[in-house]
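Colleague: Questions regarding the structure given below will be posed in turn.
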Amino acid sequence: MDLHQDSNSPLENFQSRIRIALWFVMACLILLFFRFFWLQVIKHTKYSTASESNRIAIITTPSPRGLIIDRNGIVIARNFPSYSLEVTPAELNMPVDQLIEDLNSVVRISPKDRLNFLRSLQGAKKTESLPIRNFLNDEEVARFFSRRYAFPGVEIQVRYFREYPYQQLGSHLLGYTGRVSLKDREKLLAELEESQDDSISDELRPMKIKGIQQVGKIGLEQSYEKELRGTVGYNQVEITAGGRVVRSLSSTAAIAGSNLSLAVDIRLQYLIEHLYGTRRGAAVVIEVATGDVLAFVSMPTFNPNAFVDGIDADLWKKLNDSPEKPLFNRPLRGTYPPGSTFKPFMALAALEGKFRTPEQGIFDPGFFKFGSTIFRDDAKGGHGYVNLRQSIAVSCDTYYYMLARDMGINAISAFMKPLGFGQLSGIDINGEVKGILPSKEWKRAYYSDPTKQAWGEGDTISIGIGQGYNSYTILQLAQATAILANRGIVMKPHLVKMIEDPISHEKTLTVPSETTRLTLKKDNLDAVTEGMVGVNQSGTGRVPFAGVAYPVAGKTGTAQVFSLAGKDYNAGSISEFKRDHALYIAFAPADKPKYALALVVENAGFGATAAAPIARNILDYLMLDSWPEGVPKWKTVP
Amino acid sequence: MENRTLIQRMSFLWYGLDPSLGIILLCLIVVGNITFLSASSGTVVTWVEQGRNILMALLIMWVTSRVPIKWLEKVSLWVYLFGISLLVAVALFGQIKKGARRWLNIGFVIQPSEIMKIAMPMMLAWYFQKREGFIKLWDFGIALCFLLLPTLLIARQPDLGTAILVLAAGLYVIILAGLPWRFIVPFLILGCVGILFILIFGDSICAKGVTWPILQSYQQHRICTLLDPSSDPLGKGFHTLQSMIAIGSGGIFGKGWMKGTQTHLEFIPEKHTDFIFAVYSEEFGFIGNIALLVLFLLLIQRGLQIAATAPNLYTRLLGGSVTLIFFTYAFVNMGMVSGLLPVVGIPLPFISYGGTALSTLGFGVGILMSINRGKRLVQT
């Protein structure tokens, strides 16, 4: 068989194959040419960026987080150094799983630590040092050192952690810090982008965030995160693939976070928390002239220290599932009907709106009939003849049923709004809720069912005694009391009084001046104050305030949690969580008010018996510096 | 007069050395040395070592170019048989390094597979020369058997890179010898379809739990990381990803000699051997790459020209195959470093560090020069 059927000679045939081979070679080299064109011309920017981020590493120096100090200089949130076991993945001589297993035989690595570590490993540079176990004790450190040779790439480092020396005290106002979550990281990135910090290039910014080891998750730690955090210092270095530093390119020192000087008196906070004991509730004490929040109590509390290194799943579940809701910030987010504590504000509304004069009286038969509905008074048989002052002192419901009817809902809500009812107070802690200031507009927006949207005249009646749709936070109630005590001058309530610059130690007031001033007549204010003083002299608060050494204005309240549907209230027959809330508001001294407060004891029954005694102890502490027996003395933690 | 006679007397030294091949080779060696100096970060010791390798290769080239090609033709079969027996010896008593049995200790350590890169085309060219004028279809079958025996022995070691080169060298001879197109075209089509298939269905066939027939799992992994190097940035994909970054970041003009950050900060693995092209590319950029492509094209063009005008079938086939092997080295190496081809251990000819490969290449160029000289002798 002749393989060269064509007429060409074998040499020509060979030469044609050589030509084809040359074409093939050229085609391949052109392919390479385009590949290089693609990489070096079209995608140059991408690879250039990649090469830069290969080359440059940012070694961050954490900035010490600012301290949180109470108004008397007691440190209530601080940092403590602790040993951490850290791993640099690039330097390991074994797979990570193996490493964790081997390390576990030296110092305990819990499943939680393991999970956290594996999580932090994702998206981290191989040359970064990542914590695998925090809070090593001295014995563990010693044990690791003796076996250190077996673990290249594992080091003991000192890290700073947040510590709350008074444990659960004031946990809701302080909040806590925690590890930087993915969500936190996104937020920080967005923040960095806004800050227009051009000292480092865009690609390297994410690395800067890695220097942030903890962020405030809730409470003041969260709302003052920026101030507390300070500025992470960084050293921009050139590194080799193995993580060896070749030279330093630029560096910036860390700037410590600002210290927060609180308005809160932590001893008062401690006292109130002890007075509540195991009872649930909320209390807010305000210095009226400044708006300083002296105490911000939410009971029960939790221990914020448990959150600092990531909370244990069991504990988290326990806290979250507890019917007592220890994680719930009650003064900020809990809304309650104010009950009779609403009456002084109603009384002031009546006087300001000229619906009543102080002397004008009504006869209380023990009930109020509106159409065919009967609204009952607390006192069976009624209080008889009562004027405005007496209506407050004896907490006469009928007086306020009538008043509410006479004023109408529009006038009531128009008066209550500037006092802050159903409004955000603007306190310096995130998560505040508005509550409900009932109005026709509110009801229309609230109900989707058109048949329920219309405001009925009957709806107004129970508004007068702080029931019905009324629903406010204890913070709002305290703020309204403070405005009343402050004669209409509104100071924005604040937990942080001053922010201290870490370098110059200069302190800046957070709320330097009044927000607004309501025009309230002196005579009207005096009349209401007289009524409230009467509460503690001869009225519902006379027992807990017996023998009080300073003039004090107050008002008790008992808020229905549960509609009795006409039946008599019998605490024993109702399950605990449906019993009435006990409330109390007060300010003192009545003639020249310095302090205002509002508090609730949940499901505790009558305001006079459950809530007023706590108020008495608070005011005694503030006015007389007296410490009740039975509450352990305050001890400052060194 | 004294001088002239001296020059005349000395002329045997360069007589028959092809000047164009010589110049191209010199350029490549200069480029290689400059790059190597950067890749070894100016450590003179290894540079001197590489210089020694180059001198050695040039010496081999020179000696080979002096050898009449007839002699080579005569020893072809014996060289091949010698190579095969060494490969068998490797399989039986070879040294194991890094999981591969490639080396033989005969007082000093040698890598017999390297010999086959030249012995293979010599053998096949010899065979076809023997059958010249009577070549039948089954001759190609026999040639294929001669080819597959060493290829499989080398692939078993395992040494995929060398096996590919030996296979390619043999196939070039077979194709140049006139293997009918009807046997070549189907394989070309199959290859193209296969590549297209992998490119299009890359994601699904590289999904977890999918195993391919025929190929080993690590080979599958290599192809998959080639398709998407970022799928395993710190493992198998690291080499490719980093060398692509080096090339891409070089841009049009490069970062400048000794200024490649990828190189000098140790991100390029094997930076003075198989991945030296990444170093070159990062520092000399797109312009430098074009220059290098042109140099290789000139080298191949000249080599093929020599083959096309060679005096007999043996020299034509050997010359063509040796030239195309240079091309294969260059293409596979640059393709792998730039992320077009899977990572196999094939150096960049005349530029990568390594004595054995350089000696083989020098031998190859020497053969081309000898062929060229022989042709002139025939003509005159």
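Colleague: State which residue is surrounded by the most Cβ atoms within 10 Å (Cβ to Cβ) when the search covers only region A:75-86 and only residues that are modelled with pLDDT under 90 and out of contact with any helix residue (DSSP H, G or I) (no Cβ under 7 Å at 6 or more places or on another chain).
Modeller: Residue satisfying both the conditions and the ranking: A:SER84.
Colleague: In addition: Return the residue satisfying two criteria in turn: it lies in region A:42-68 and is away from chain B (no Cβ under 14 Å) and crowded, with 22+ Cβ neighbours inside 10 Å, and of such residues it is modelled with the highest pLDDT.
Modeller: Applying the first criterion (away from chain B (no Cβ under 14 Å)) to region A:42-68 yields A:58-68.
With crowded, with 22+ Cβ neighbours inside 10 Å added as a condition, the list becomes A:58, A:63, A:65-66, A:68.
Working: A:ILE58: 74, A:SER63: 83, A:ARG65: 91, A:GLY66: 92, A:ILE68: 95.
Going through the qualifying residues, I end up with A:ILE68.
Colleague: While we're looking at this one, here's another question. For region B:243-289, which residues satisfy the criterion of being more than 11 Å from chain A (Cβ to nearest Cβ), under 22 Å from the mean Cα position of the chain (by Cα) and surrounded by fewer than 20 Cβ atoms within 10 Å (Cβ to Cβ)? Don't jump to the end; show me each part of the working.
Modeller: Initial filter on region B:243-289 (more than 11 Å from chain A (Cβ to nearest Cβ)): B:256-259, B:270, B:272-276, B:279-280, B:283.
With the extra rule that they be under 22 Å from the mean Cα position of the chain (by Cα), the set shrinks to B:270, B:272-276, B:279-280.
Across region B:243-289, the qualifying residues are B:GLU270, B:THR273.
Colleague: Considering each of A:ILE474, A:ILE436, A:ILE461 in turn, give the residue that is under 20 Å from A:PHE355 (Cα atoms) and of a type in the set (A, V, I, L, M, F, W, C). Give the derivation first.
Modeller: Working: A:ILE474 fails: under 20 Å from A:PHE355 (Cα atoms); A:ILE436 fails: under 20 Å from A:PHE355 (Cα atoms).
The conditions single out A:ILE461.
Colleague: Among helices (runs of 4 or more DSSP H) lying entirely in region B:1-95, which contain 2 or more residues that are over 24 Å from the mean Cα position of the chain (by Cα), within 25 Å of B:MET116 (Cα to Cα) and small (Gly, Ala, Ser)? Steps first, answer last, please.
Modeller: On the way: elements: B:2-10, B:19-39, B:44-66, B:69-93.
Counting at least 2 such residues, we get no helices (runs of 4 or more DSSP H) at all.
Colleague: Further question on the same structure: Which condition number in (1) in contact (Cβ under 8 Å) with a residue 40 or more places away in the chain; (2) under 17 Å from A:ALA349 (Cβ atoms) is the one that A:THR516 fails?
Modeller: (2)
Colleague: Given the conditions (1) under 21 Å from A:ARG333 (Cβ atoms); (2) in contact (Cβ under 8 Å) with a residue 24 or more places away in the chain, and given that A:LEU424 satisfies all but one, which numbered condition is not satisfied?
Modeller: (2)
Conditions tested, residue by residue: (1) under 22 Å from A:ASP459 (Cα atoms); (2) crowded, with 21+ Cβ neighbours inside 10 Å; (3) of a type in the set (Val, Ile, Thr).
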{"position": "A:PHE355", "(1), (2), (3)": "yes, no, no"}
{"position": "A:PRO365", "(1), (2), (3)": "yes, no, no"}
{"position": "A:GLY371", "(1), (2), (3)": "yes, no, no"}
{"position": "A:ASP377", "(1), (2), (3)": "yes, yes, no"}
{"position": "A:VAL386", "(1), (2), (3)": "no, no, yes"}
{"position": "A:ASP406", "(1), (2), (3)": "yes, no, no"}
{"position": "A:ALA411", "(1), (2), (3)": "yes, no, no"}
{"position": "A:LEU419", "(1), (2), (3)": "yes, yes, no"}
{"position": "A:GLY422", "(1), (2), (3)": "yes, yes, no"}
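Colleague: Here is a check on your reading of the model: is B:GLY354 more than 10 Å from chain A (Cβ to nearest Cβ), in contact (Cβ under 8 Å) with a residue 24 or more places away in the chain, under 16 Å from the mean Cα position of the chain (by Cα) and surrounded by fewer than 24 Cβ atoms within 10 Å (Cβ to Cβ)?
Modeller: Working: more than 10 Å from chain A (Cβ to nearest Cβ): yes; in contact (Cβ under 8 Å) with a residue 24 or more places away in the chain: yes; under 16 Å from the mean Cα position of the chain (by Cα): yes; surrounded by fewer than 24 Cβ atoms within 10 Å (Cβ to Cβ): yes.
Spelling it out, B:GLY354 is indeed more than 10 Å from chain A (Cβ to nearest Cβ), in contact (Cβ under 8 Å) with a residue 24 or more places away in the chain, under 16 Å from the mean Cα position of the chain (by Cα) and surrounded by fewer than 24 Cβ atoms within 10 Å (Cβ to Cβ).
Colleague: Something else: What do you reckon, is B:SER230 at pLDDT 70 or above and part of a helix (DSSP H, G or I)? Explain how you work it out, then say what you get.
Modeller: Working: at pLDDT 70 or above: no; part of a helix (DSSP H, G or I): yes.
In short, no.
Colleague: Is region A:26-41 home to any residue that is more than 9 Å from chain B (Cβ to nearest Cβ), under 30 Å from B:PHE128 (Cα atoms), surrounded by fewer than 18 Cβ atoms within 10 Å (Cβ to Cβ) and more than 30 Å from the chain's Cα centre (by Cα)?
Modeller: Of all residues in region A:26-41, those more than 9 Å from chain B (Cβ to nearest Cβ) come to A:27, A:34.
Among the residues that remain, those that are also under 30 Å from B:PHE128 (Cα atoms) are: A:27.
Adding the requirement that they be surrounded by fewer than 18 Cβ atoms within 10 Å (Cβ to Cβ) leaves A:27.
Still in the list and also more than 30 Å from the chain's Cα centre (by Cα): A:27.
Checking region A:26-41: at least one residue is more than 9 Å from chain B (Cβ to nearest Cβ), under 30 Å from B:PHE128 (Cα atoms), surrounded by fewer than 18 Cβ atoms within 10 Å (Cβ to Cβ) and more than 30 Å from the chain's Cα centre (by Cα).
Colleague: Then there is this: Name the residue that is farthest from A:GLY281 (Cα to Cα), counting only residues in region A:567-600 that are modelled with pLDDT of 75 or more, surrounded by fewer than 24 Cβ atoms within 10 Å (Cβ to Cβ) and among the hydrophobic types (A, V, I, L, M, F, W, C).
Modeller: Within region A:567-600, the match that is farthest from A:GLY281 (Cα to Cα) is A:ALA590.
Colleague: Looking at region A:400-416, can you tell me whether even one residue there is part of a loop (DSSP other than H, G, I, E, B) and either over 30 Å from the mean Cα position of the chain (by Cα) or modelled with pLDDT of 90 or more (or both)? Let's see the steps before the verdict.
Modeller: In the first step, residues of region A:400-416 are kept if they are part of a loop (DSSP other than H, G, I, E, B); the result is none.
Scanning region A:400-416, I find no residue that is part of a loop (DSSP other than H, G, I, E, B) and either over 30 Å from the mean Cα position of the chain (by Cα) or modelled with pLDDT of 90 or more (or both), so the answer is no.
Colleague: I would also like to ask the following. When you scan region A:472-526, how many residues do you find that are surrounded by 21 or more Cβ atoms within 10 Å (Cβ to Cβ), under 25 Å from the mean Cα position of the chain (by Cα) and within 30 Å of A:VAL561 (Cα to Cα)?
Modeller: 15
Colleague: Restricting to region B:332-348, what's the tally of residues that are under 13 Å from B:LEU293 (Cβ atoms) and surrounded by fewer than 24 Cβ atoms within 10 Å (Cβ to Cβ)?
Modeller: Looking only at region B:332-348, we keep the residues that are under 13 Å from B:LEU293 (Cβ atoms), and these are B:333-335, B:338, B:348.
From the residues that got through so far, the ones that are surrounded by fewer than 24 Cβ atoms within 10 Å (Cβ to Cβ) too are B:335.
Final tally of qualifying residues: 1.
Colleague: Could you check region A:528-558 and list, in sequence order, the residues that are over 10 Å from A:ALA590 (Cβ atoms), touching a Pro at 6+ places or on another chain (Cβ under 8 Å) and either polar (S, T, N, Q) or surrounded by fewer than 24 Cβ atoms within 10 Å (Cβ to Cβ) (or both)?
Modeller: Within region A:528-558, just A:PRO544 meets the criteria.
Every residue, every condition in (1) surrounded by 13 or more Cβ atoms within 10 Å (Cβ to Cβ); (2) at pLDDT 90 or above; (3) more than 14 Å from every other protein chain (Cβ to nearest Cβ), yes or no:
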{"position": "B:GLU114", "(1), (2), (3)": "yes, no, yes"}
{"position": "B:TRP126", "(1), (2), (3)": "yes, yes, yes"}
{"position": "B:GLY141", "(1), (2), (3)": "no, yes, no"}
{"position": "B:LEU149", "(1), (2), (3)": "yes, yes, yes"}
{"position": "B:ASP159", "(1), (2), (3)": "yes, no, yes"}
{"position": "B:ALA168", "(1), (2), (3)": "yes, yes, no"}
{"position": "B:GLY191", "(1), (2), (3)": "no, no, no"}
{"position": "B:VAL210", "(1), (2), (3)": "no, no, yes"}
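Colleague: Pull up region A:335-365, narrow it to residues that are without any contact (Cβ under 8 Å) to a residue 40 or more places away in the chain and in a loop (DSSP other than H, G, I, E, B), then point me to the one that is farthest from A:PHE606 (Cα to Cα).
Modeller: As a first pass, look at region A:335-365 and keep what is without any contact (Cβ under 8 Å) to a residue 40 or more places away in the chain: A:354, A:357, A:359-361, A:363-365.
When the remaining residues are screened for being in a loop (DSSP other than H, G, I, E, B), the result is A:354, A:357, A:359-361, A:365.
Values: A:LYS354: 32, A:THR357: 29, A:GLU359: 28, A:GLN360: 28, A:GLY361: 26, A:PRO365: 22 Å.
Taking the candidates together, the pick is A:LYS354.
The values are calculated or read from the model by the stated rules, or taken from the named source; none is laboratory data. Here the structure is a predicted model, which is why all the values come from computation and not from measurement. Note: ideal-geometry Cβ built from the backbone for every residue, glycine included; neighbour counts use all protein chains shown.
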